Structure formats: C-alpha cells, structure tokens
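The values are calculated or read from the model by the stated rules, or taken from the named source; none is laboratory data. Keep in mind that this is a model prediction, so the values were computed, not measured. Backbone-built Cβ (ideal geometry, glycine too); neighbour counts: all protein chains shown.
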Amino acid sequence: MTQAHAPGKVILFGEHAVVYGRPAIAVPVAQALATATVEGAPPGGGVTILAHDLGEQLVLGQPASERLRGLELVTRRALERLGAATLPDLTIAIRSDIPVASGMGSGAAVSAALVRALAAHLGASLADAEVSALVYEAEVLYHGTPSGIDNTVVSYARPVYFVRGQPIETFAVERPFRLAIAGTGIASPTRMAVGAVRGRWEADRPRYEALFDAIGEVARRGRRAIEGGETAALGPLMDENQALLREIGVSSPELERLIGAAKGAGSPGAKLVGAGMGGNMIALLPAEFEPVLEALRAAGAASLLVSEVR
Ligand code: PMV
C-alpha cells in the first residue's frame with residue numbers, strides 16, 4: 001500500500017488577473033490535505049478509483065461521471081508517463097478534507113496526491129514540475145481556461161509567484177504570518193466565475209485590463225513584503241486587492257459580511273480567495289487572534305481554519 005498527500009492552497013494576491021497574464025501569489029495550506037492510497041487489486045480488474053468524499057467510483061476504461069473525468073484523465077496520463085505498458089490492477093482511494101469548490105484547489109490537490117501515490121506505487125518518482133503538468137490536464141477539463149496556479153502550488157507545496165507561461169518561481173517567507181480561512185458555505189465553481197469575468201472583459205477590455213494591471217501590481221508588492229518580512233504591509237495590500245476584486249464583480253454579500261466581521265474584530269486585512277462569488281475568504285490574523293475567529297463564527301462562517309504561512 002502506498003500513500004501520498006497534497007496540500008490545499010489559497011491565493012494571497014492576484015486571482016482572476018492571473019488568467020490574463022498578471023502575477024499572482026499562492027501558498028499551500030497544510031491544514032487541509034488530499035490523500036491518495038494505492039493498493040494492488042485482484043488480477044484482471046484494472047484500475048478502480050474510489051472517491052470516498054463524493055461517494056463515487058470509476059473503473060478506468062468505463063464511462064466516468066462528469067465529476068470523475070478529470071481523475072480518469074490524470075490517471076491515464078500518469079500511467080503513460082510512468083511507462084506502464086499494460087494496465088496494472090490497482091485500487092486507488094481518494095480522500096480530502098479540503099472543501100470543494102471553495103477556492104482552495106481541492107481538485108488539483110486530489111489529482112496531485114493521486115499522481116504521486118501512483119508513481120510511488122510503481123517505484124518511480126516524478127519531479128514537481130511533472131506532477132504539476134499532469135494535474136494541469138485535469139484542471140483544463142474542470143475549469144476551461146485555468147491559469148495553472150492551482151496545479152503549481154499544490155504540486156510544489158511551497159509559496160509560488162506565478163505568471164502564466166513563465167518558469168515557476170517559488171519564494172521564501174521571511175517572517176511567518178497567520179491567516180484565518182473562512183467559508184461562506186456557498187459552492188462556487190471556478191469555471192463559472194472565470195466565465196463571468198471573461199464576459200465582462202470582452203464587453204469592456206480597457207477597464208478590465210486596467211483593473212488587472214492594478215491587481216498585478218498588488219501581487220508584486222505583496223511578494224516584496226513577504227520576502228522582506230514586512231508583514232505590516234500585507235493587510236493594506238489585501239484590502240486593496242479585495243477592493244479591486246469587488247470592482248471586477250466577483251465578491252458577494254456573504255463574502256463581504258465575513259470580511260467586514262474580521263476587519264471589525266482587528267484583522268489588518270481581508271479578501272476573498274480564488275474564484276469568489278462564494279467560496280472562501282482569508283483574513284490576516286493579529287497576534288491576539290481569537291476575537292477575529294469569534295467574529296467570523298458569529299458572522300456565520302460555514303467553515304473556519306487557521307493556517308500559518310511559512
Ligand atoms: O477557485 P480557485 O482556487 O480554483 O482559484 C481560481 C483562481 C482564478 O484565478 C480565478 C482562476 C485561475 O485559473 O487562476
């Protein structure tokens with residue numbers, strides 16, 4: 001039996017603009033993990049994938065449900081890459097405590113855990129970049145036009161400065177800081193939000209290009225602040241990013257309520273994460289952070305976790 005994990009992620013700065021070539025920063029969230037377990041199966045059965053959290057399963061080569069098509073693709077591609085000439089007999093079990101459709105990269109993390117477990121089971125090891133490329137293929141199925149940031153950060157499991165089409169840059173966090181990650185409880189498929197933004201961009205390119213430029217600049221300053229240990233600069237940058245996300249139309253009343261509650265209880269900065277229109281928000285936490293968590297709970301957070309970025 002072989003097991004592998006991949007973390008969830010949050011985008012600190014730059015979601016949506018990253019689809020249009022601007023930089024974004026994402027960090028792994030080790031408190032939320034996807035796990036894949038691979039075991040040998042009786043001869044002749046081929047590959048079975050058990051997605052416990054979805055209550056679904058699939059057998060490779062048989063029709064897969066919409067939700068499992070990405071996993072099927074990534075499994076087939078990984079087996080090709082690993083040089084498995086014949087279909088091995090395996091059972092792959094997937095579990096994840098990363099909330100789905102919430103901007104935390106759950107789909108990418110599940111794919112990454114699967115690829116790593118499969119490689120380990122077949123006695124191979126894949127470079128982070130190879131895992132990331134395989135996971136990207138599944139992301140394309142799910143998201144349409146993914147920027148590539150999700151597969152990158154969950155595969156490298158390190159803070160990433162990401163510009164579409166450019167070599168990956170990981171970077172160091174000079175002074176660790178803490179985030180609260182709170183869920184609205186409203187599922188928000190990334191594809192929908194990305195599609196809505198695309199429609200508005202097509203209708204008014206100059207305005208959206210300018211907003212994306214401003215977001216990209218916030219991401220650049222965010223990286224400098226994190227690398228330079230200037231944690232005090234982060235809160236205002238998160239607020240600035242949120243104001244721009246609001247302008248591009250991906251915030252929601254539920255997100256705003258959580259953001260307002262966190263700020264009102266002493267968080268230096270807060271923003272939605274990922275696709276928006278639901279999903280999660282993050283709040284930078286001060287040293288005494290219990291009041292912020294309390295305020296988020298009181299404002300109706302459907303899920304809440306604290307993550308240290310280091
Ligand atoms: O919702 P998530 O975490 O999958 O993030 C989506 C981030 C976007 O920038 C909106 C889309 C993308 O592909 O980068």
Across the range 274-283, what is the total count of residues that are within 15 Å of the chain's Cα centre (by Cα) and more than 15 Å from residue 235 (Cβ to Cβ)?
6
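Restricting attention to the range 61-69, does a residue exist that is part of a helix (DSSP H, G or I), more than 30 Å from residue 271 (Cβ to Cβ) and touching a Phe, Trp or Tyr at 6+ places or on another chain (Cβ under 9 Å)? If you could, list the steps in order and put the result at the bottom.
Initially, the range 61-69 is screened for residues part of a helix (DSSP H, G or I), giving 66-69.
Still in the running and more than 30 Å from residue 271 (Cβ to Cβ): 66, 68-69.
This time we only want the ones that are touching a Phe, Trp or Tyr at 6+ places or on another chain (Cβ under 9 Å), so: 69.
Yes, the range 61-69 has at least one match.
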Selected residue (criterion: farthest from the ligand (Cβ to nearest atom)) from residues of the range 1-58 that are in a helix (DSSP H, G or I) and touching a Phe, Trp or Tyr at 6+ places or on another chain (Cβ under 8 Å):
20
Checklist (1) within 12 Å of the ligand (Cβ to nearest atom); (2) surrounded by fewer than 17 Cβ atoms within 10 Å (Cβ to Cβ) applied to residue 125, failing item:
(1)
Is at least one residue of the range 245-257 more than 21 Å from residue 149 (Cβ to Cβ), among the polar types (S, T, N, Q) and not in a helix (DSSP H, G or I)?
yes
Just the residues that are free of Cβ contacts under 8 Å to residues at least 60 places away in the same chain and within 16 Å of the ligand (Cβ to nearest atom), please, taken from the range 84-107.
107
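Residue by residue, here is whether (1) farther than 30 Å from residue 289 by Cα; (2) among the acidic types (Asp, Glu) holds:
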residue: 134; (1), (2): yes, no
residue: 140; (1), (2): yes, no
residue: 150; (1), (2): no, yes
residue: 157; (1), (2): no, no
residue: 165; (1), (2): yes, no
residue: 176; (1), (2): no, no
residue: 184; (1), (2): no, no
residue: 203; (1), (2): yes, no
residue: 211; (1), (2): yes, no
Can you tell me which residue within the range 188-241, out of those that are within 18 Å of the chain's Cα centre (by Cα) and outside any helix (DSSP H, G or I), is surrounded by the fewest Cβ atoms within 10 Å (Cβ to Cβ)?
189
Looking at 103, 185, which is the one that is in a loop (DSSP other than H, G, I, E, B), more than 22 Å from residue 73 (Cβ to Cβ) and modelled with pLDDT of 90 or more?
185
Looking only at the range 163-185, decide whether some residue is surrounded by fewer than 19 Cβ atoms within 10 Å (Cβ to Cβ), within 14 Å of the ligand (Cβ to nearest atom) and under 29 Å from residue 266 (Cβ atoms).
no
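Kindly indicate whether residue 263 is at pLDDT 95 or above, basic (Lys, Arg) and part of a strand (DSSP E or B).
no
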